[in-house]
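Following: one structure in structure tokens, then a few remarks.
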Amino acid sequence: MPLSLLSPLPLLHSFSPTKSTVSRIRATQSRLRLSVVKATSEKGSSGNVPEDDPSFNPFGFVTDNPSSRSAIQLPESPAEDGNVGQMLYRTEDKGREFGSTIKAGKLRWFVRETGSKESRRGTVVFLHGAPTQSFSYRTVMSEMSEFGFHCYAPDWIGFGFSDKPQPGYGFNYTEKEYHEAFDKLLDTLEIKSPFFLVVQGFLVGSYGLTWALKNPSKVEKIAILNTPLTVSSPVPGLFKQLRIPLFGEFTCQNAILAERFIEGGSPYVLKNEKADVYRLPYLSSGGPGFALLETAKKINFGDTLGQIANGFSSGSWDKPTLMAWGIADKYLSQSIAEEFEKQNPQNVKLQLIEGAGHLPQEDWPEKVVAALRSFF
């Protein structure tokens, strides 16, 4: 399983390693770990690379992702649980709560829905960021529907269980195309009156905000969960890696990159049953990884963050806006949210969520629900 997880090549589900193969792989694992530890030590002592900066350590995910260790380590009886095919069989039906496939234009979206169109409090659309999926909103949208809201949470094209077209064949993963595809989805869902919008995360999360800036008449109120909002917002190491030629192609085929990214921005370790779902699309095929790669290459971080900072400032944006911010986020500090609020204090309000990190909806959904209910 470890080599299958690391390999960008097609996976043979029937593969079951022999005892001699297991021994060789374990020996290789040991050498890799020793090499990584030695390299990290040498970098730290030289002063060239900070000891706490794993951004460009290509084998870092072998040792520093707690929820993935069980997936990486070979079991004692590999024939029972030793290959990717068996892992896919165990997890293929997971993570589809409240969801169905909807075709909008030429693309198929996986969309979660709770509540009904007759819900008295209105419609809420939840947009996730990269490299995750709408699964992160499952608890929040379930509880929001119990309080009278009609909720949708799509997987962006290229992510989760939605279509992942090959670049150049109908979708090129640009901001413009994401906006156009989202417009078609809203039309297909027949969301006509202004709705509540919730946005979180990097890349496609940012595109959710720039879409709102271009379509203010369609938005009633907007809630922002930990998302880059200012030109000073840092870019995590994962997205830097994806933009490096060849190295990006290797990185995007790391089947545990989503769960590792979640844990990297959170004070918590994902339970295995949750990690399975975030891992599943990247295990199923190379499509999600290459979609993420293309999205990371196409985005202009400076331009996009400039659009957001200027577009939501005083005099430009007058819609009620809430930032429900996980203060334990290791990617985006609280100071970013505070700076954003100061740009438009009349319309933008900050509510801090203690105990939550980069994905508040995953870390502490009950607190997110309380904040959204009060605001909406």
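The values are calculated or read from the model by the stated rules, or taken from the named source; none is laboratory data. Not measured: the values here are computed from a predicted model. Here the Cβ is made from the backbone with ideal geometry for all residues, glycine too, and neighbour counts use every protein chain on show.
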Inset, instruction - With the checklist (1) modelled with pLDDT of 95 or more; (2) in contact with a Lys or Arg (Cβ under 7 Å, 6 or more places away or on another chain); (3) surrounded by fewer than 23 Cβ atoms within 10 Å (Cβ to Cβ); (4) of a type outside the set (D, E, K, R) in hand, flag the one item SER142 doesn't pass. - result: (2)
Inset, instruction - Find the helices (runs of 4 or more DSSP H) located wholly in region 270-323 whose residues include 1 or more that are touching an Asp or Glu at 6+ places or on another chain (Cβ under 6 Å) and at pLDDT below 95, and list them. - result: 272-284
Legend entry - Selection within region 137-161 - in a loop (DSSP other than H, G, I, E, B), in contact (Cβ under 8 Å) with a residue 60 or more places away in the chain and closer than 17 Å to ILE102 by Cβ: ILE157, GLY158, PHE159, GLY160, PHE161
Inset, instruction - Could you look through region 233-252, keep only residues that are farther than 27 Å from ASP363 by Cβ and in contact (Cβ under 8 Å) with a residue 60 or more places away in the chain, and pick out the one that is farthest from the chain's Cα centre (by Cα)? - result: PHE247
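Please work out if LYS330 is touching a Gly at 6+ places or on another chain (Cβ under 9 Å), surrounded by fewer than 16 Cβ atoms within 10 Å (Cβ to Cβ) and either of a type in the set (Lys, Arg) or under 24 Å from ARG121 (Cα atoms) (or both). Spell out how you get there, then give the answer.
Numbers: touching a Gly at 6+ places or on another chain (Cβ under 9 Å): yes; surrounded by fewer than 16 Cβ atoms within 10 Å (Cβ to Cβ): yes; either of a type in the set (Lys, Arg) or under 24 Å from ARG121 (Cα atoms) (or both): yes.
Here the answer is yes, as LYS330 does meet what is asked.
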Inset, instruction - Could you give me the residue pairs with C-beta distances under 7 Å whose first residue belongs to region 218-232 and is closer than 16 Å to ASN347 by Cβ, whose second residue is assigned to a loop (DSSP other than H, G, I, E, B) and small (Gly, Ala, Ser) wherever it lies, and which are 6+ apart or on separate chains? - result: GLU220/GLY122
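Restricting the search to region 330-376, which residues are acidic (Asp, Glu) and not in a helix (DSSP H, G or I)? Working first, answer last.
Keep residues of region 330-376 that are acidic (Asp, Glu), which gives 338-339, 341, 354, 362-363, 366.
Within region 330-376, just GLU354 meets the criteria.
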Legend entry - Candidate set from region 204-218 (those that are in contact with a Phe, Trp or Tyr (Cβ under 7 Å, 6 or more places away or on another chain) and among the hydrophobic types (A, V, I, L, M, F, W, C)); member that is nearest to PHE261 (Cα to Cα): VAL204
Inset, instruction - Need at least 2 residues that are touching a helix residue (DSSP H, G or I) at 6+ places or on another chain (Cβ under 8 Å) and either surrounded by fewer than 17 Cβ atoms within 10 Å (Cβ to Cβ) or among the polar types (S, T, N, Q) (or both) per element, so show me which helices (runs of 4 or more DSSP H) inside region 194-258 make the cut, counting only ones lying wholly within it. - result: 204-214, 247-251
Inset, instruction - Among the numbered conditions (1) crowded, with 21+ Cβ neighbours inside 10 Å; (2) hydrophobic (A, V, I, L, M, F, W, C); (3) modelled with pLDDT of 95 or more, tell me where LEU350 comes up short. - result: (1)
Inset, instruction - Give the number of residues within region 168-193 that are farther than 19 Å from GLU294 by Cα, in a helix (DSSP H, G or I) and either within 18 Å of the chain's Cα centre (by Cα) or basic (Lys, Arg) (or both). - result: 1
Inset, instruction - Give region 312-327 a look and list any residue that's surrounded by 17 or more Cβ atoms within 10 Å (Cβ to Cβ) and of a type in the set (A, V, I, L, M, F, W, C), or say none. - result: PHE312, TRP317, LEU322, MET323, ALA324, TRP325
Inset, instruction - Output the qualifying pairs, or none if there are none: Cβ atoms under 7 angstrom, residues six or more apart or on different chains, first residue in region 107-134 and over 26 Å from PRO288 (Cα atoms), second residue crowded, with 24+ Cβ neighbours inside 10 Å and at pLDDT below 95. - result: none
